[in-house]
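Data first, discussion second: the structure below is written as structure tokens.
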Amino acid sequence: GLTALGLGAADQAVASFDAASWVWSKAKGEVARINGVTAKVDTRADVPKARGHELQISQNDRFVILRDIQTGSIGSMDLITLQEFWNGSTSSGIGVKVALHEDSLFVIDAVQGQVQQLDPRTLTPLGDPLRFAPGITGGVFDGKGTLWIAAPSEGTVTGIAAAVPPSGEPEGAASAPAAGPRVVRTEPVAPASHDLTLSTLEDGVAILNRTTNDLSTLRG
């Protein structure tokens with residue numbers, strides 16, 4: 001389908017809950033929505049700020065999050081107005097991943113071992129970042145909304161519960177520190193420095209130790 005639309009091999013697509021995929025055209029500097037039923041583009045939106053750059057897209061049926069790989073900038077696109085709002089930054093390059101589940105948004109910096117939650121509406125940080133050993137992997141949600149990451153250097157897997165983004169406070173209200181994500185479970189699953197890959201379950205995670213070809217699961 002991407003070849004037929006002429007978007008090119010470097011362009012990216014991800015599926016959402018309403019059977020639609022947003023894809024990025026680097027040359028045109030636009031995102032396009034492919035209808036999953038008709039297999040046709042039904043919406044286009046210009047993103048001039050990222051034209052000529054590689055762009056990561058994370059989406060669900062409420063938000064489309066854009067990350068410019070070259071600059072590290074993060075934007076959120078309003079699905080009603082199709083206007084993008086840029087208000088965040090990360091380290092540039094491919095070592096950073098954006099994970100989105102309902103209204104929970106995380107930025108996972110694998111190189112630095114840092115996990116930061118953002119409000120998907122404003123892209124402001126929620127609480128302090130969680131820090132792990134450098135070289136973490138994963139950053140995927142299970143069906144219950146728990147974010148799972150692995151620290152191969154330590155042989156552990158950690159589940160993270162997202163903080164609830166604020167719904168907005170009345171004018172004049174005293175501002176309180178934003179609640180942040182919290183670690184709910186850390187388990188040893190392999191010897192240190194083994195190669196680990198994660199795949200989430202409805203409630204839990206499966207861990208493949210690619211060094212020994214052992215497979216284990218954490219549930220509940």
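Computed from the coordinates by the stated procedures, all read-outs in this text should not be read as laboratory data. Just so it is clear, the structure is predicted and the values come from calculations on it, not from any experiment. Glycine also receives a Cβ, built like all others from the backbone with ideal geometry; neighbour counts cover every protein chain displayed.
What FRET efficiency comes out for T71 versus V184 if R0 is 41 angstrom and r is the Cβ-Cβ distance? Round to the nearest 0.05.
On the way: r = 33 Å, r/R0 = 0.81.
After rounding to 0.05, the efficiency reads 0.80.
Remind me, relative contact order of the chain in percent, using alpha carbon pairs under 8 angstrom and six or more residues apart? Walk me through the numbers on the way to the answer.
Values: 520 pairs, mean separation 22.4, N = 220.
The normalised contact order for the chain reaches 10 percent.
With unit charges on the beta carbons (Lys and Arg positive, Asp and Glu negative) and the dipole taken about the Cα centre of the chain, which residue among G72, T122, A163 sits farthest to the positive side?
Positive-end residue among those listed: G72.
Please give the calculated 222 nm ellipticity per residue for the chain, where each DSSP H segment of at least 4 residues contributes -39500 (n - 2.57) and the sum is spread over every residue; nearest 500 deg cm²/dmol? Could you put the intermediate results ahead of the total?
Values: 1 runs with 4 residues, N = 220.
Estimated from H runs of four or more residues: -500 deg cm²/dmol.
Run the simple label-point estimate for H53 and S193 please: 7 Å along Cα→C-beta, distance reported in nm.
Modelled inter-label distance: 3.7 nm.
Collect residues whose amide H, placed 1.01 Å from N in the peptide plane, falls under 5 Å from the amide H of G29; neighbours closer than 5 in sequence don't count.
Those lying under 5 Å, H to H, from G29 are G52.
Using the structure shown, list the pairs from K97/K144; K40/K144; K28/K97 with a Cα-Cα distance above 22 Å, or answer none.
Where the Cα-Cα span goes over 22 Å, the pairs concerned are K40/K144; K28/K97.
Can you tell me the length gained on complete extension of the stretch A39 to R219, counting 0.36 nm per residue apart and subtracting the Cα distance? Please report the intermediate quantities before stating the final value.
Working: separation 180, 0.36 × 180 = 64.80 nm, distance 3.69 nm.
Length gained between A39 and R219: 61.1 nm.
With the Cα gyration tensor of region 13-80 in hand, convert its eigenvalues to equivalent ellipsoid semi-axes via √(5λ) and list them largest first in whole Å. Display every interim value, and only then the final one.
Details: eigenvalues 78, 34, 18 Å².
Calculated on Cα positions only, the semi-axes equal 20, 13, 9 Å.
Please list the radius of gyration and Dmax for the chain, considering alpha-carbon atoms only, with Å as the unit.
Gyration radius and largest Cα-Cα distance of the chain: 18.3, 58 Å.
Which percent of Cα pairs goes in each bin when the distances of region 77-167 are cut into 10 angstrom slices starting at zero?
16, 49, 29, 6, 1
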